[in-house]
Amino acid sequence: MKPIYTERSVADAKRGVYTFAFPSRTKKAEIKKAVAEVFDVVVKSVKTINYRPHLRRNLYGKVVRTRGFKKALVALKSGTIDLFEAKTK
């Protein structure tokens with residue numbers, strides 16, 4: 001489980017929807033359980049998006065394969081996750 005930080009994900013976090021990257025084979029029930037246990041929150045729903053692996057050329061021109069992953073949008077019923085808080089000066 002790895003948090004995804006983009007402008008959109010930080011804006012969604014203010015609405016109570018948090019974005020994470022998981023291995024491709026992870027199921028929604030496993031995602032819900034993992035987020036609930038790690039961050040001690042109550043999960044309302046989980047939406048997932050599968051990203052396929054792609055072929056890319058590296059610095060030396062060799063073709064390499066990027067890993068696929070599953071992006072999970074986790075809505076919380078109660079609690080917050082402090083990882084997504086926007087830092088203000």
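Numerical summary
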{"read-out": "Any hit, segment 47-56, residues being modelled with pLDDT of 95 or more, of a type outside the set (Lys, Arg) and within 22 Å of THR80 (Cβ to Cβ)", "value": "yes"}
{"read-out": "Subset tally (residues that are under 19 Å from GLY79 (Cα atoms) and either among the charged types (D, E, K, R) or under 12 Å from the mean Cα position of the chain (by Cα) (or both)) for segment 35-66", "value": "6"}
{"read-out": "Hits in segment 1-27 - residues which are part of a helix (DSSP H, G or I), surrounded by 13 or more Cβ atoms within 10 Å (Cβ to Cβ) and either within 10 Å of the chain's Cα centre (by Cα) or without any contact (Cβ under 8 Å) to a residue 24 or more places away in the chain (or both)", "value": "SER9"}
{"read-out": "Checking VAL64 against (1) modelled with pLDDT under 95; (2) of a type in the set (Val, Ile, Thr); (3) not in a loop (DSSP other than H, G, I, E, B), the condition it does not meet", "value": "(1)"}
{"read-out": "Among (1) touching a Lys or Arg at 6+ places or on another chain (Cβ under 9 Å); (2) more than 21 Å from LEU83 (Cα to Cα), the one test that VAL17 misses", "value": "(2)"}
{"read-out": "Residues of segment 67-89 that turn out to be surrounded by 10 or more Cβ atoms within 10 Å (Cβ to Cβ) and either part of a strand (DSSP E or B) or touching a helix residue (DSSP H, G or I) at 6+ places or on another chain (Cβ under 8 Å) (or both), as a count", "value": "13"}
{"read-out": "Positions within segment 37-61 being part of a loop (DSSP other than H, G, I, E, B), aliphatic (A, V, I, L, M) and free of Cβ contacts under 8 Å to residues at least 24 places away in the same chain, in sequence order", "value": "LEU59"}
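The values are calculated or read from the model by the stated rules, or taken from the named source; none is laboratory data. If you're wondering where the values come from, they're calculated on a predicted model, not measured in any experiment. A quick note on method: Cβ atoms are made from the backbone with ideal geometry, for glycine too, and the neighbour counts reach across all protein chains shown.
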